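Before any comments, here is the structure.
The numbers here are math on the coordinates, done by the rules we state, and not lab data. From a predicted model like this one, the values you see are computed outputs, not experimental measurements. Every residue, glycine as well, gets a Cβ built from its backbone with ideal geometry; the counts of neighbours run over all protein chains shown.
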Amino acid sequence: MNRIISFEQYLSEYKKSVDDPEQFWAAQAEGFVWRKKWDKVLEWNFTEPNVKWFIGGKLNITENCLDRHLAERGDQTAILWEPNNPKEEGRKLSYKELHTEACRFANVLKNNGAKKGDRICIYMPMVPELAIALLACARIGAIHSVVFGGFSFQSLSDRIHDADCNIVITADGAFRGAKDIPLKSVVDEALQTCPSVKKVIVLKRTNCEVKMQNERDVWWSDEVKKVSAECPVEEMDSEDMLFILYTSGSTGKPKGVVHTTAGYMVFTKYTFENVFQYHLTHSPSPIGEGSQQPEVYWCTADIGWITGHSYLVYGPLLAGATTLMFEGIPTYPDAGRFWQVIDKYKVNIFYTAPTAIRSLMAAGDNFVKPYKLDSLRVLGTVGEPINEEAWKWYNETIGKKKCPIVDTWWQTETGGIMISPLAGITKTKPGYATLPLPGIQPALLDEKGEELFGNNVEGKLCFKFPWPGIIRTTYKNHKRCFNVYFSQYKGYYFSGDGCKRDEDGYYRITGRVDDVIKVSGHLLGTAEIENAINRHPDIVESAVVGFPHPIKGWGIYAFVIDDHNRKDTDELKKEIIATVTKFMGSIAKPDKIQIVKGLPKTRSGKIMRRILKKISEGDTSNLGDTSTLLDPSVVEEIKQGALS
Ligand code: WT7
């Protein structure tokens, strides 16, 4: 393990990583199992872009997540699982058991026609079999594409189409809070337009009724009985694709972010160990002096998002950690659930989203009081900026002022954490992601694309040198990868975020500068939501903007043009919400809908979102220059409508 243990060491490692990045990352890559060592550490340019790490290396990430640990920690718990319903019994899988189940399911995949290079879609609840499915894919060299269980059939089918998947792994249903979500029937609807899918493997979870289609659909439980638990790993090239994960962008079509094998592996393990300062043994032990128990680490993210991939599954398993997986939601059966689970499993490291913190803070401290929370050592946040009030509450009420908070900035495209304190090592500041990790070279650029040097500057957050976890391409559309991330500022990776570097050189993320919104930490494209709204037969056009929301960070405000002049506007609004839920999923439901006669457009037809944004924020006093609008009178009408 190459864990940094002091701030001085952080500074010297950072310097080393900039002076000689190849040597720095090569050192981090030692210690893994390589079937063949790399010939060359790095080849890159940001003009195509073309980035390759550990060139010529051969390996399998699951050999490093599982097999590598068996001798030393085969009986140690790899995955702890807490069900949605607190009355249901939890589960535990040791590294040995997880290895066995991943191998067994890898054979199930092979038996159902899966081969190296195939794309396999995973649409599952948060149960251990989801992690097993990921690892099984990786073991045989199939590329997984996990789709979050909260997406609807249309989003699912778009993603299956784009990746041309031949297998879908799902479950009959999912328990989420008081709801049962019928996953398999969503899959059935999605597959009506996906002829590439030849097999659907279905796990039983809720025992709800499902229709099984002959030849195509098989039960997980039947299939595992047909195969052995021996499965040698497929030897993969360092740059072979490991997975595709879709993320929203400025256009209506989500992008398939591609991550490859070796770089992602090295980066997630390094960042996991250093940011969270994960200890394989407690010292000093909260559960008794000299305990040999590894720390319990809990990331509350769903595996449907990158955080779940990198910091619930791959990073922790690569580090030999005990990782807790939770099926439910923070408010079920009540807003004390997180705190109850922390006490139950004596969680040492807890990683969650600001939106969850804000909603639990709003629920009141009475939900926290029954719990001790004395096992906690480190707290983390991810996904959106954390406001000072929520940071303080997290620090005082949850961490009892004893737990460093790591505010981790990164993205689906970066593969792992980029800017963050190292727990207990970097001095923190509420609202600041603080400093770049070793190997990460941020640059703030001004409007003209000039880099801003020194402190007390604010600009667009970019990176000028590759790191091992960087996005390699957008699936089947390399041009899009170039256009979105590498074309705006020549020679830089552009994140889409605004950022400030303060007088201490600390980074503070100010939010998105493009047409995507972070709603409860989920990235949603305004164009994607508009497309869903426009599927309502009475809506001809719509424009969506984000507005500040006390719990969700950002809420969704939709301005819509009703073609049929409907009088029952409340009913119409309900129908619009139902349409969005149907075609995109409930995470994209608008919080506010305003019916308008026209949208503020320029003469070239571009909607002036700047104006709508101001109106949605309730700030109609100074809308700036509206002289370029085709019809300035629509602004007055929208302003009046917003006030009424
Ligand atoms: C966007 C990426 C990072 C994994 C989960 C989200 C925002 C992320 C922070 C943070 C302020 C943050 C940014 C970024 N974001 N972490 N600590 N402070 N903003 O991944 O869905 O790809 O979203 O989330 O806007 O660009 P994602």
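Computed values, structure above
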{"quantity": "Ranked packing of 379-387, 399-407, most packed first, by mean Cβ within 10 Å", "calculated": "379-387, 399-407"}
{"quantity": "Unsatisfied cross-links (Cα-Cα over 20 Å) in the set K552/K597; K369/K401; K448/K490; K199/K225; K36/K464", "calculated": "K552/K597; K36/K464"}
{"quantity": "Over 30 Å between alpha carbons, listed pairs K40/K429; K179/K211; K500/K614", "calculated": "K40/K429"}
{"quantity": "Relative packing of peptides 615-624, 24-33 - highest average C-beta neighbours within 10 Å first", "calculated": "24-33, 615-624"}
{"quantity": "Ordering of 64-72, 476-484 by packing [mean C-beta count within 10 Å, highest first]", "calculated": "64-72, 476-484"}
{"quantity": "Low-density loop positions, trypsin sites (Lys or Arg not before Pro), the range 335-396 - DSSP coil, at most 12 other Cβ in 10 Å", "calculated": "K372"}
{"quantity": "Loop-located trypsin sites (Lys or Arg not before Pro) in the range 97-151, at most 13 other Cβ atoms within 10 Å (DSSP)", "calculated": "K115, K116"}
{"quantity": "The chain: Cys lacking any partner C-beta under 4.7 angstrom", "calculated": "C65, C137, C194, C208, C299, C403, C462, C481, C499"}
